[in-house]
1. Would you pick out the residues in region A:52-63 that are open to solvent by 20 Å² or more (accessible area, probe 1.4 Å) and either in contact with a Cys (Cβ under 7 Å, 6 or more places away or on another chain) or part of a loop (DSSP other than H, G, I, E, B) (or both)?
2. Of everything in region A:84-97 that's more than 19 Å from A:Asp35 (Cα to Cα) and of a type in the set (A, V, I, L, M), which residue is nearest to the other protein chains (Cβ to nearest Cβ)?
3. In this structure, does B:Met63 turn out to be under 22 Å from B:Thr189 (Cβ atoms), in contact with a Gly (Cβ under 8 Å, 6 or more places away or on another chain) and either open to solvent by 10 Å² or more (accessible area, probe 1.4 Å) or in contact (Cβ under 8 Å) with a residue 12 or more places away in the chain (or both)?
4. Considering region A:123-149 alone, what residues qualify as being touching a Phe, Trp or Tyr at 6+ places or on another chain (Cβ under 8 Å) and open to solvent by less than 10 Å² (accessible area, probe 1.4 Å)?
5. Do you know which of the residues in region B:158-191 that are open to solvent by 40 Å² or more (accessible area, probe 1.4 Å) and part of a helix (DSSP H, G or I) is farthest from B:Leu29 (Cα to Cα)?
6. Restricting to region B:38-49, what's the tally of residues that are within 11 Å of chain A (Cβ to nearest Cβ) and surrounded by 24 or more Cβ atoms within 10 Å (Cβ to Cβ)?
7. In region B:142-197, which residues are within 14 Å of chain A (Cβ to nearest Cβ), free of Cβ contacts under 8 Å to residues at least 12 places away in the same chain and not small (Gly, Ala, Ser)?
8. So, of the residues in region A:65-83 that are more than 7 Å from every other protein chain (Cβ to nearest Cβ) and part of a strand (DSSP E or B), which turns out to be most open to solvent (accessible area, probe 1.4 Å)?
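The values are calculated or read from the model by the stated rules, or taken from the named source; none is laboratory data. Quick caveat: nothing in here was measured; it's all calculated off a predicted structure. Cβ placement follows ideal geometry from the backbone for every residue including glycine, while neighbour counts extend to all protein chains displayed. Only protein heavy atoms, including side chains, enter the accessible area calculation; ligands, DNA and RNA are left aside. Shrake-Rupley method; radii C 1.70, N 1.55, O 1.52, S 1.80 Å.
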Amino acid sequence: MATTRQDATGTTSWQDGVYEALRAGGVDLFAYVPDAGHARAIRRAHADPDVEAVVLTTEEEGVALACGAWAGGRRAALLMQSSGVGNCINMLGLVQSGRFPFLTLVTMRGEWEEFNPWQEPMGRATPAVLEAMGVTVLRATTPDEAVDLARRATAMAFEDGTPVAVLLSQQLIGRKVW
Amino acid sequence: MVQNQNMHSNGLDRRDVVRALMSDRGGLLAVTGLGSPTWDVAAAGDDDRNFYLWGAMGGAAMMGLGLALAQPDRSVCVITGDGEMLMGIGALATIGARRPVNLSVVVLDNGHYGETGMQRSHTGLGTDLCAVARACGLDWVTEATDMVGVETVRRRLHGREGCGFARIAIATGEYERILPERDGAAIKTRFRTALGL
């Protein structure tokens, strides 16, 4: 696990693998509220001339942005941490009502080596909240799973039209370091 | 037609405003905020290039941003109300950070929540949305209080002179509800078909 925990700002290979899986699936718009676990993808999205990266003030903006992008023919992914899932609840009604494809990658907080107990309530509720709003939940706990599920989730979202979330377990990311 | 009942401010007639904004629309794409702006845009004439929101309160401007980034060669306007804009007010900061030249956000501002019994909104209690939009760094910000001003806004929707924001002062009042298609998937599909997707 050392390679997955060495750098909370994100230089590990699974993070590259996840980003490349989304890109290979045609995702070229990344909307995000920053999280250390997404730092690598965010940096790569900003550096990629073929990709648009949009920083949000709150996560539900990304749900609406993704639906607008799809209405215009572009594939978007929302990167957030589990605390942001609660912010998205009502806006996920747009995904259901319009039967939009939807793809989000969620870094989990409050479940493993969490130093901040205030992360735990929303972390615990995250899968139930997503499922309640019609989003299929996949969970990755190992680097290989993360890359594989990112690939499959991208196809589920944009080929099958299934709203899907990939939860990236906190043990992939490790304790927050400053 | 039940029109202009209880009109009690000196703002513009919202149906006149939206009809003017949608005239000579060319290839303009429109996203409409739930409630009255959706009815107003439908009343101005149904069009496959209208994306009517019936919900997703607070999401209209962001949906417009996503659309503008996906369709950079087309002009995109968001037409929404003050309450809807206020719920997603952070979107102005997000839009200000990106500023696509083909995106304009138009707020029909009557200072009230019109669909729920005309309770006063924050814009009726002091929030200046133009000042917010300006502070968020949008390229142009304007206010229209007469139909000449509305025509200026209309031209700017097509102008690609930067990412813009317009506040149009409308009167409060009850209008006939002109209801467009309400199946979101059908709205989406016909919209995408109109774009050749």
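1. Scanning region A:52-63 gives A:Thr57, A:Thr58, A:Glu60.
2. Step one: of region A:84-97, the residues more than 19 Å from A:Asp35 (Cα to Cα) are A:89-97.
If we keep only those that are of a type in the set (A, V, I, L, M) as well, we get A:89, A:91-92, A:94-95.
Working: A:Ile89: 12, A:Met91: 6, A:Leu92: 9, A:Leu94: 4, A:Val95: 9 Å.
Among them, the one singled out is A:Leu94.
3. Yes: the conditions hold for B:Met63.
4. Initially, region A:123-149 is screened for residues touching a Phe, Trp or Tyr at 6+ places or on another chain (Cβ under 8 Å), giving A:135, A:143-144, A:146-147.
Result: A:Val135, A:Ala146.
5. My answer is B:Thr189.
6. Here the count works out to 0.
7. Once the filter is applied, which keeps residues that are within 14 Å of chain A (Cβ to nearest Cβ), free of Cβ contacts under 8 Å to residues at least 12 places away in the same chain and not small (Gly, Ala, Ser), region B:142-197 yields B:Asp183, B:Thr189, B:Arg192, B:Leu197.
8. For region A:65-83, the residue satisfying everything is A:Arg75.
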